[in-house]
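A.B. asks: The structure's right below; bear with me while I get my questions together.
Laboratory data are not the source of any read-out in this text; all were calculated from the coordinates shown. Since we're looking at a predicted model, the values are computed, not measured. Don't worry about glycine lacking a Cβ; one is built from the backbone with ideal geometry, like all the others, and counts go over all protein chains shown.
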C-alpha cells in the first residue's frame, strides 16, 4: 500500500525574469520503504519535500495530477487540515537544528508542544512520552537534556532532538532534508543510524533528500536522481553502479576514492546532460 | 548603446559590465521593491511634499509669515485665509508653510550629527570588543539613560534658547540608540569569515570598519533614523512648546501650538493647524521608514 | 617551506594544539586530517596569525614568525576559507573583493590583474560585477581562491575547501586546486576530514587527535589504507564505512 503517490508534480515561482519552474513534472510512489532523492542545489529536491508538506506559500505555486498521502488528496488541502497532518502523520527533519529548534524554549517543552497540539494528554504522561522518545534517539541522560536549551547541546544531539520531535507522534512518513549536512562528519553516521533504526522499527516511510550520492546509496532502498527539476534516474540502491544516465554516471565518477590515482577528476558536462533531458 | 542604458533589462541584468551598472541595478531593485508597498509610497509622497513646501515656501505662501494685520486677528479659516489667522493677525497657512523649513532644518541637522556619530561608535565598539567595547558602551549607556527632553532643557538652559542649541541638545540624546543598533548589527557578523579574510589581505582595522563593517550596518541605521524622525520632530515641537527652541517670531510648529493653547476652545485653528502638520509629517516618516525596513532586510546574509 | 616545531596553541587557558611538529617542503601538498576538535583548523589559524596565544616555532621559508603578521608575510602566505557563503562580503562585488588586496598593497594594473585571475580560476568575465548572492557555491569558492591568489603567494592554507560544496561541484574545485598548484608551483597546507581528497590532492598527511600529531605518512600509504597508527587506521575504516 503506497503512503505517497505523486504524479506530475510541478512547482513554480515568479521571478524578475518571468515564471520559473523548479520542479518539472516529478512522479514517484513511496511505500513503507526508504527512498532517497539525490540532486545538487537547484535541482528541485528540497522544493519537492516542501511541496509534500504543504510548506510552499504564495507566490510559489504547486500543481500535480496526483498528490496523495495515504489516500488524502494534498492538492489544495486547507492549511488547517495540513496542520493536523504535519507532525502527526507526516513530519520533516531539516538541515540545521540551530535554525529549526526554538532557541528560547527548553527542549523538553518543545517536544511536548507537538504532543499537546495533536493529542490531549495529562502533563505527567506527556513528560514521560518525551523522555521515552529522547531515549529512543539514544540520548543517554534524557532527564538532563529535557531541561536544556537548544544552544546548550552539540549539533549532533540537536539533530537527534529534532528527530525525536518529529517521531514522537509516530507519523507514517518522515521526510529528511539534508539531515546531516550541517553536522560534523564524525557524528553523521550516528545520526543516520538512529534515523534508520527508528524508521525500520516503526515501519515508517522515509524520504531522504541529499546531495550526497554515497550517503543516499548506503541508507536507502531506492534512489531517485534529480537534475534541473526532473528525475533523470531511478534505481535500487544496490544497482547504483549500473546507472545509465550521464548525470548519475558523472556524479559517481567525480567523487574521489581512498585509493585515488587519477590526476584529474572527471567533471560533469552539464551541456551534454542538459541536452539529454 | 545609449538607447538601452537605464532600460529595465539593463538594470536587472544578471551580468553587469561596469561598477556603475551593478550599483544602479542594486538601487533599482530596491526601489522597485519599495514601490510595491502602497503605504510606503504614501509616506514618501508626504516627505516629498514636505521638501517641496520647504523649498518653494516663498512662492507658495500667500502672505508673509511674520507680519500680521491686527485688525484681522483670530479669524477662522476662510477663502482669504485657508487656515485662519493667529493672535497677531498673521496668516497661519503661511506660517505653517515656512515652519516646514524650520522643521526640516532641525530634523536633517539632528540626523546628520547623531547618526554618523552613533554609527561610528557602535561599529568600533562591536568590532574591537574587549575594553574598547566596555568603555564606549558605558559612555553610550550614560547618554541613553538621560531623558531626552530634560537633557535638552538642561542644555538649552545652559546655552540659551534657540534653534541651534535645540538641535545640539536633541542630537546628543539621539546618537546612543544608533550606537547600540550599529553595535548589535556588527556583533552578528564579527566572527564571519569575510572579516578574517579581509584581515588576511592585510586590511587595517580602520579599513575593515569603514569598508566592511559600516556598509552592513547602514541599512538598519537608515531605517532607524527614518523612524526616529517623527520622534525628533515631536521633541523639537516639545522644546518649541516650552519656549526653548525656535524663538518668536519664527513660525516653528511647536511654538505655534504653544501660543495657540490659550485660544484652543474658541479659536481651535490656531493650535490645531500646526498640530495637523506635525502629525502628517511624522506619519509620513513612519510609513516610509517601515517600508524601508521591509525592503532593506538583508537577504544577502541568509543561505540560499 | 613550512616548518612547525613544538607548536602549542591555547584558547582561554585550554591547550587545543599540543606540541605539534611537522615540515612541508616547497611545492609540496600536505594535509592535516582528524575529527572536529582535533586542532587541525587551529594550526592553520595560528600560522595565519589569527590565534593569539601560541608557543613554539612557526617558520615560513626559513623565517620564523612573530606575534604579528606583516605585509611581507601576507604576500607569501594566503588562506582559502571553508565557507563560500561566509567568506565573501555580501555587499561587495566580485571585482571589489578581488581588487581589495591590490589596493591595500598598492599594486598597479588592477583591471588587468583582476581579469587575469578570473580567467585563471575559470570564472567567466561576465561575473565580474556580481554580488555573492548571485553566484553559486562553486563560483563563490572560486572567487575565494582567486582572492587568495591575488597577491601571488607561495603558500596556500586551505581550510576544508570543498566540504561546504555540493558533491557535484567538488570535483571542479579539486581539479582547479590541482591545476593551480602545478602552474604556480604552490605549497599547500590543507585541513580536511575527507580522506579521499587527501589521496587526490596531497603528497603527505598528518593525523591529528585531540591536539596531538599521531603520525605523518605518505599519501601512498593512505591509498593502500596502511597508516601506521591505530587511530589513523580507525579514520580510514570510518571513511570507507561512510562511503
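A.B. asks: Using the alpha-carbon atoms, what tilt in degrees (0 to 90, nearest 10) does helix A:185-201 show relative to the longest principal axis of chain A?
C.D. replies: 70 degrees
A.B. asks: Taking each residue in A:13-19, count the Cβ atoms of any other chain within 10 Å of its Cβ, then average. What number comes out?
C.D. replies: Mean number of neighbouring Cβ atoms from other chains: 1.
A.B. asks: Same structure again: Pull up the DSSP beta bridges for the protein assembly as shown and report the antiparallel fraction as a percent, rounded to 5.
C.D. replies: Approximately 55 percent, going by the DSSP bridge assignments.
A.B. asks: Take the Cβ-Cβ distance between residue B:39 and residue A:58 as r, set R0 to 22 Å, and report the resulting FRET efficiency rounded to the nearest 0.05.
C.D. replies: Once the sixth-power term is evaluated, E becomes 0.65.
A.B. asks: I've got another one for you. Can you compute the label reach from residue A:259? Point 7 Å from Cα along the Cβ direction, backbone N cut-off under 15 Å, restricted to the range C:194-227.
C.D. replies: From the range C:194-227, the list is C:196, C:199-200, C:220-227.
A.B. asks: Relative contact order (percent) for chain C, with alpha-carbon contacts under 8 angstrom and 6 or more residues of separation?
C.D. replies: Relative contact order comes out at 27 percent.
A.B. asks: Another question, then. Grab the eigenvalues of the alpha-carbon gyration tensor for chain A, scale each by 5, take roots, and send me the semi-axes largest first in whole angstrom.
C.D. replies: Result for chain A: semi-axes of 33, 24, 17 Å.
A.B. asks: Working out 0.36 nm times the residue gap between residue B:268 and residue B:207, then minus their Cα-Cα distance, what length gain in nm do you get to one decimal? Let's see the in-between values first.
C.D. replies: Values: separation 61, 0.36 × 61 = 21.96 nm, distance 5.65 nm.
Here the segment from residue B:268 to residue B:207 would lengthen by 16.3 nm.
A.B. asks: How much of the DSSP bridge set in chain C is antiparallel, in percent, rounded to the nearest 5?
C.D. replies: Around 55 percent antiparallel, to the nearest 5.
A.B. asks: Then there is this: Taking the Cα atoms only, what angle lies between the long axis of helix C:110-120 and the longest principal axis of chain C, rounded to 10 degrees?
C.D. replies: So the helix axis and the longest Cα principal axis differ by about 50 degrees.
A.B. asks: Related question: Give the Cα extents of the protein assembly as shown along the principal axes, in whole Å, largest first.
C.D. replies: Sorted from largest, the Cα extents of the protein assembly as shown read 107, 72, 65 Å.
A.B. asks: Run the numbers on the range A:1-99 and let me know its relative contact order in percent, using alpha-carbon pairs under 8 Å that are six or more apart.
C.D. replies: 32 percent
A.B. asks: If r is the Cβ-Cβ distance from residue A:140 to residue B:144 and R0 is 51 Å, what FRET efficiency results, to the nearest 0.05?
C.D. replies: 0.65
A.B. asks: With only alpha-carbon atoms in the gyration tensor, what are the semi-axes of the equivalent ellipsoid for the range A:148-277, in Å, largest first?
C.D. replies: Numbers: eigenvalues 190, 67, 35 Å².
They are 31, 18, 13 Å, listed largest first.
A.B. asks: Counting each DSSP H run of 4 or more residues in chain C as -39500 (n - 2.57), what helix-only mean residue ellipticity at 222 nm follows after dividing by all residues, to the nearest 500 deg cm²/dmol? Before the final figure, lay out the partial values.
C.D. replies: Details: 9 runs with 91 residues, N = 243.
After summing the helix terms and dividing by residue count, I get -11000 deg cm²/dmol.
A.B. asks: How would you order C:92-98, B:157-163 from highest to lowest mean count of nearby Cβ atoms within 10 Å?
C.D. replies: Listed from highest to lowest mean packing, they are C:92-98, B:157-163.
A.B. asks: Let me ask another. Per residue of C:176-182, count partner chain C-beta atoms within 10 Å of its C-beta, then hand back the mean as an integer.
C.D. replies: The per-residue average across the peptide is 1.
A.B. asks: Sticking with this structure for a sec: Need one number: nm distance between label points at residue B:134 and residue C:72, each 7 Å from Cα along Cα→Cβ, rounded to one decimal.
C.D. replies: Each label point is offset 7 Å from its Cα along the Cβ direction, giving 3.7 nm.
A.B. asks: Evaluate peptide C:161-173: per residue, the Cβ atoms of other protein chains within 10 Å of its Cβ; return the mean as an integer.
C.D. replies: 6
A.B. asks: Treat each spin label as a single point 7 Å out from the Cα along the C-beta direction, and report the residue B:196 to residue B:67 distance in nm.
C.D. replies: Taking the simple label geometry, residue B:196 and residue B:67 are separated by 7.3 nm.
A.B. asks: While we're on this one: Please report the antiparallel percentage of DSSP beta bridges with both residues in the range C:99-243, rounded to the nearest 5. Intermediate values should be presented prior to the final figure.
C.D. replies: On the way: 6 of 11 bridges.
Within the range C:99-243, antiparallel bridges account for around 55 percent of the total.
A.B. asks: Which percent of Cα-Cα pairs in chain B sits in each 10 Å bin, short to long?
C.D. replies: With a bin width of 10 Å, the distribution comes to 6, 22, 27, 22, 14, 7, 2, 0.
A.B. asks: Grab the beta carbon distance between residue C:230 and residue A:33, set R0 = 41 Å, and tell me the FRET efficiency rounded to 0.05.
C.D. replies: Once the sixth-power term is evaluated, E becomes 0.60.
A.B. asks: Output the Kirkwood hydrodynamic radius of the range C:94-200, Cα pairs only, in Å rounded to one decimal.
C.D. replies: After inverting the mean inverse Cα-Cα distance, the result is 14.4 Å.
A.B. asks: Obtain the nm distance between the two label points defined at residue B:164 and residue C:221 by a simple spin-label model: each point lies 7 Å from its Cα along the Cα-to-C-beta direction.
C.D. replies: So the label points at residue B:164 and residue C:221 sit 7.9 nm apart.
A.B. asks: Helix-only mean residue ellipticity at 222 nm, chain A, DSSP H runs n ≥ 4 weighted -39,500 (n - 2.57), per residue, nearest 500. What is it?
C.D. replies: That calculation yields -11000 deg cm²/dmol at 222 nm.
A.B. asks: The range A:146-208: D in µm²/s via Stokes-Einstein (Kirkwood Rh, Cα pairs, 10 °C, 1.306 mPa s)?
C.D. replies: The calculation lands on 130 µm²/s.
A.B. asks: Report the relative contact order of the range C:142-200, percent, no decimals, based on alpha-carbon pairs under 8 angstrom and at least 6 residues apart.
C.D. replies: 45 percent
A.B. asks: Report, in degrees rounded to the nearest 10, the 0 to 90 angle that the Cα long axis of helix B:92-128 makes with the longest principal axis of chain B.
C.D. replies: Relative to chain B, helix B:92-128 is tipped by roughly 30 degrees.
A.B. asks: Suppose the chain between residue B:154 and residue B:294 were pulled fully straight at 0.36 nm per residue; how much longer would it get relative to their current alpha carbon spacing?
C.D. replies: Separation in residues times 0.36 nm, less the Cα-Cα distance, equals 46.6 nm.
A.B. asks: Would you compute, from DSSP H runs of 4+ residues alone, the mean residue ellipticity of chain B at 222 nm, taking -39500 (n - 2.57) per run and dividing by the full residue count, rounded to the nearest 500?
C.D. replies: After summing the helix terms and dividing by the residues of chain B, the value is -23000 deg cm²/dmol.
A.B. asks: Could you rank the peptides C:28-36, A:159-167, B:68-76, B:227-235 by their average count of other C-beta atoms within 10 Å per residue, with the highest value first?
C.D. replies: Averaged packing, sorted descending, gives the order A:159-167, C:28-36, B:227-235, B:68-76.
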